[in-house]
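Throughout, read-outs are computed from the coordinates displayed, never taken from laboratory work. The structure displayed is predicted, hence computed values, not measured ones. Virtual Cβ from ideal backbone geometry, glycine too; neighbours counted across all protein chains shown.
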Amino acid sequence: MSLDIFVSTLTEDEGAKFDRAIVERAFRAIAVDQQGDSWNLQTPKGEMTSATIHLADQPRILSFAANRPPSYEYFPEFWDAMFEVMRQTHTVLVWLADGPKPHCCVANPAMIPDLPSDLIEALGQPAFATSGAEIGAVLERSFS
C-alpha cells in the first residue's frame with residue numbers, strides 16, 4: 001500500500017515529547033538500522049520490505065511516520081511494534097483516506113478524552129485498538 005501513516009502527540013509542547021527509545025525498542029527486531037532518521041524494515045524471515053520508518057534523530061520526539069505500511073497478514077510484527085509504541089505513549093495514529101470511516105486510531109485509553117474536537121471532525125471518531133492486528137484492520141477498513 002503506498003501510504004504514509006503518522007504517529008503523533010496532540011501538541012508540540014516540550015512536555016508532550018516521548019523517548020525515541022520507546023520506538024527503537026518496539027522496532028528493534030525488524031529495523032535494519034536504527035541510526036539516523038530513516039529505518040528500513042525486514043521481516044523476521046529476513047525479507048526486506050518497502051516499509052520505512054522516519055523519525056527525528058533526537059532523544060525525545062513528538063512524532064514519527066511510516067511509509068508504505070504492510071498489511072497485517074504479511075508483516076504482523078510491524079503492527080505489533082506500532083501498537084507497543086502507541087500503547088506506551090500519548091499519541092494518535094493518523095492517515096488520509098476517503099469516506100466516513102475512521103482515519104485515526106489510539107491504543108492508549110488515556111488519549112480519548114484529550115482528542116480535540118477539530119481532529120474528530122476532520123478524521124472521524126478514532127478507533128480504539130487493543131492490538132497490532134486491530135490497528136491493521138482499522139486501517140484496511142478505512143479504504144474499503
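Shown in residue order for region 4-17 are the 3J(HN,Hα) couplings computed by the Karplus curve 6.51 cos²θ - 1.76 cosθ + 1.60 at θ = phi - 60°: 10, 10, 10, 10, 9, 6, 8, 10, 9, 5, 3, x, 7, 5 Hz (x for Gly and Pro). Ordering Cys105, Leu93, Ala29 by Cα displacement along the dipole of region 4-141 toward the positive end leaves Ala29 in first place; charges were set at the Cβ atoms of Lys, Arg (+1) and Asp, Glu (-1). The computed Rg and Dmax of the Cα atoms in Å for the structure shown corresponds, within (i) 27.3, 89; (ii) 15.0, 50; (iii) 14.3, 43, to (iii).
Each label was represented as a point 7 Å from its Cα along the Cα-to-Cβ direction; for Ala133 and Asp57 these points are 3.8 nm apart. Placing unit charges on the Cβ atoms only, positive for Lys and Arg and negative for Asp and Glu, gives the chain a dipole magnitude near 260 debye about its Cα centre.
Largest mean-square fluctuation among Ala122, Ala26, Ala107, in a Gaussian network model of the chain whose springs join Cα atoms under 10 Å apart, belongs to Ala122. Ordering Tyr72, Gly124, Ser2 by Cα displacement along the dipole of the chain toward the positive end leaves Tyr72 in first place; charges were set at the Cβ atoms of Lys, Arg (+1) and Asp, Glu (-1). Structural descriptor for region 4-141: relative contact order 25 percent, calculated from alpha carbon pairs under 8 angstrom and at least 6 residues apart. Taken along its principal axes, the alpha carbon cloud of region 30-85 reaches lengths of 31, 20, 16 Å, longest axis first.
Compare the peptides 75-83, 8-16 by average per-residue count of other Cβ atoms within 10 angstrom and give them in order, highest first. Numbers along the way, then the final one.
Details: 75-83: 21.8, 8-16: 12.8.
Answer by packing, highest mean first, reads 75-83, 8-16.
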